[in-house]
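As structure tokens, the structure follows; a few thoughts come after it.
The values are calculated or read from the model by the stated rules, or taken from the named source; none is laboratory data. Since the structure is predicted, the reported quantities are computational estimates derived from the model, not experimental observations. FYI the Cβ positions are ideal-geometry reconstructions off the backbone, even for glycines, and counts take in every protein chain you see.
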Amino acid sequence: MPSDDRDICFAAEDTLGKLSKWLRILGFDTVYPAGFAGGSWIHTAEENRILLTRTRHVRDRNTDRKLVFVNSNDPFEQVRELIQILGIVPADTKPFSRCTRCNIQIRQVDRDSVRGRVPDYVWETSTIFQICSRCRRIYWPGSHIKRSYDIIERFFDAESF
Ligand SMILES: [Zn+2]
């Protein structure tokens with residue numbers, strides 16, 4: 001698949017788990033190997049990935065890489081830091097297009113095929129289901145998505161920068 005210049009992807013160190021999850025929710029390809037300390041693997045990430053670190057020696061050892069040194073302790077503020085530093089706009093995002101566990105794109109599946117694999121009330125009230133082909137987790141639009149969209153809106157709320 002041709003990648004365009006605005007394709008933004010990341011490699012995050014293990015102190016940035018919640019930030020990584022949000023980046024995946026926003027649709028960004030984000031490598032985050034839990035349990036590996038940042039300094040020991042992050043430099044091995046592909047060249048096109050923007051390295052995300054909170055560790056000074058990781059920053060200082062990777063001056064030849066695209067890298068963001070994350071200052072905030074708070075995951076919400078960390079996302080906002082990235083949006084501001086990298087100039088990310090809502091059009092760069094594809095919310096809820098990626099499995100938050102596996103980091104791969106989810107695909108739509110036939111509603112009948114998930115019957116019995118999601119709670120009955122969900123199956124009865126939802127028309128769109130997506131699945132991760134790796135972990136087989138099934139995703140559907142629910143109240144958690146509405147809440148997440150509210151948070152995403154606040155990520156981009158320029159007023160409060
Ligand atoms: Zn998955």
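R107 meets each of the listed conditions (1) loosely packed, with under 14 Cβ neighbours inside 10 Å; (2) without any contact (Cβ under 8 Å) to a residue 24 or more places away in the chain apart from (2). Applying the criterion of being away from the ligand (no atom under 16 Å from the Cβ) and assigned to a loop (DSSP other than H, G, I, E, B) to the residues of the range 110-137, the residue that is nearest to A11 (Cα to Cα) is I128.
Of all residues in the range 121-130, none satisfies being of a type outside the set (D, E), in contact with a strand residue (DSSP E or B) (Cβ under 7 Å, 6 or more places away or on another chain) and within 21 Å of L52 (Cβ to Cβ).
Whenever a residue of the range 48-70 is in contact (Cβ under 8 Å) with a residue 12 or more places away in the chain and of a type in the set (K, R), its partners that are part of a helix (DSSP H, G or I) and surrounded by fewer than 19 Cβ atoms within 10 Å (Cβ to Cβ), lying with C-beta atoms within less than 9 angstrom and at least six residues away or across chains, give the pairs R61/G39; R61/H43; R65/H43.
Scan the range 55-68 and tell me whether some residue there is at pLDDT 95 or above, loosely packed, with under 15 Cβ neighbours inside 10 Å and outside any loop (DSSP other than H, G, I, E, B). There is no residue in the range 55-68 that is at pLDDT 95 or above, loosely packed, with under 15 Cβ neighbours inside 10 Å and outside any loop (DSSP other than H, G, I, E, B).
Quick check on this structure: which one of F69, F96, F76 is out of contact with any strand residue (DSSP E or B) (no Cβ under 8 Å at 6 or more places or on another chain) and of a type in the set (F, W, Y)? Break it down into steps so the answer makes sense when it comes.
Numbers: F69 fails: out of contact with any strand residue (DSSP E or B) (no Cβ under 8 Å at 6 or more places or on another chain); F96 fails: out of contact with any strand residue (DSSP E or B) (no Cβ under 8 Å at 6 or more places or on another chain).
Going through F69, F96, F76 in turn, just one is out of contact with any strand residue (DSSP E or B) (no Cβ under 8 Å at 6 or more places or on another chain) and of a type in the set (F, W, Y): F76.
Does S148 satisfy the criteria of being more than 16 Å from the ligand (Cβ to nearest atom) and without any contact (Cβ under 8 Å) to a residue 60 or more places away in the chain? In short, no. Residues in the range 26-39 that are at pLDDT 95 or above and in contact with a Ser or Thr (Cβ under 6 Å, 6 or more places away or on another chain): L26, G27, T30.
Scanning the range 90-101 turns up no residue that is free of Cβ contacts under 8 Å to residues at least 40 places away in the same chain, more than 21 Å from A11 (Cβ to Cβ), surrounded by 15 or more Cβ atoms within 10 Å (Cβ to Cβ) and hydrophobic (A, V, I, L, M, F, W, C).
I need the full set of residues from the range 138-154 which are closer than 29 Å to V89 by Cβ and not in a helix (DSSP H, G or I), in order please. Give the steps one after another, and end with the answer.
First pass over the range 138-154, keeping only residues closer than 29 Å to V89 by Cβ: 139-154.
Y139, W140, P141, G142, listed by residue number.
Scanning the range 87-109 for residues that are out of contact with any Gly (no Cβ under 6 Å at 6 or more places or on another chain), assigned to a loop (DSSP other than H, G, I, E, B) and within 16 Å of the ligand (Cβ to nearest atom) gives F96, C99, T100, R101, C102, N103, I104, I106.
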